[in-house]
Amino acid sequence: MKKLLGLLFVCGSIILSAQDQDPKAKAILDDLSKTTKAYKTITADYSFTILNKEKKQVEKQAGKVQIKGNKFKLEIPGNTIVCDGKTLWNYSKDAKEVTIKDFDVDNDDQLNPSKIFTIYETGYKFKYDKEEKVGVAMCHVIDLYPSVKPEKKKFHTAKIYVDKVKKQVTKLVMIMKDGGQNVYDIKTLKPNLEIADIVFVFDTKGLKPDQISDER
């Protein structure tokens, strides 16, 4: 689980100036940001694959995320994580226990799945690499390089794949310092579906008091 969630904590805190960036890459990422932020909701299914330095598969998992503003619901093997924009519930399916915490949207160290789609906005330099086909979609491939405390990152490069037509993230490859890769494939991305706010509230009624850890 920690490896699967690792992507969600990698954004930095310093916005880089335009002159520090590849103008072609910046134009594509600006369009991507504009498109993504115009969505009222995002529902996405994705897979997460860990490859070792020989590019052999070590682990593969699937997940689903629903996002509505600062609200989100993330379902991964063994865990359901729900946030209504103020409170964060992390439910362990195996232990049948939930941990409850306050949520701070401005805290870059706190889980926020929406950052999967805006990882490039802060704390990175970027450079246009090439065009590459992913499935049936032709994509721009842009390399991101951590510029905020890069020595503390477990990866040295992130390759973001942007659908040329839909202007959506289709794939993200984290190239790790140990030679391995963490690969996130966005299988489906459906914007603007109706999602009721109740989806982003975790119901603890069926749990016993000793199954609830309230850290607020």
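Any read-out appearing in this document is the output of simple, stated calculations on the displayed coordinates, not a laboratory observation. As the structure is a prediction and not an experimental result, all values here were calculated from the model. Here the Cβ is made from the backbone with ideal geometry for all residues, glycine too, and neighbour counts use every protein chain on show.
Couple of notes before you dig in:
- Greater than 27 Å apart at Cα, pairs in Lys60/Lys159; Lys149/Lys171; Lys56/Lys190: Lys56/Lys190
- Applied to the stretch 179-192, the Karplus parametrisation 6.51 cos²θ - 1.76 cosθ + 1.60 on θ = phi - 60° returns per-residue 3J(HN,Hα) values of x, x, 9, 10, 10, 10, 9, 7, 6, 9, 9, 10, x, 6 Hz, with x for Gly and Pro.
- Each semi-axis of the equivalent ellipsoid for the stretch 2-201 is √(5λ) with λ an eigenvalue of the Cα gyration tensor; in descending order they amount to 26, 20, 18 Å.
- Other residues with beta-carbon under 11 Å from the beta-carbon of Leu32 carry, at +1 per Lys or Arg and -1 per Asp or Glu, a net charge of +2.
- In terms of Cα atoms, the Rg and Dmax of the stretch 67-153 work out to 16.7, 46 Å.
- Student exercise, the stretch 2-201 dipole from Lys, Arg, Asp, Glu Cβ charges, in Debye to nearest 20: 420
- Shape call, the stretch 159-216: gyration tensor on alpha carbons, a/c limit 1.5: oblate
- Rounded to 10°, Cα long-axis angle of helix 23-38 versus longest principal axis of the chain: 30
- Placing unit charges on each Cβ (+1 for Lys and Arg, -1 for Asp and Glu) gives the chain a dipole about its Cα centre, and among Thr118, Gln21, Gly135 the Cα reaching farthest toward its positive end belongs to Gly135.
- Distant-in-sequence amide H partners of Gln168 (H built 1.01 Å from N, under 5 Å): Asp163
- Lys177 versus Lys60: modelled label distance in nm, points set 7 Å from Cα along the beta carbon direction: 2.9
- Cα-centred dipole magnitude for the stretch 104-216, charges only on beta-carbon of K, R (+1) and D, E (-1), debye, nearest 20: 600
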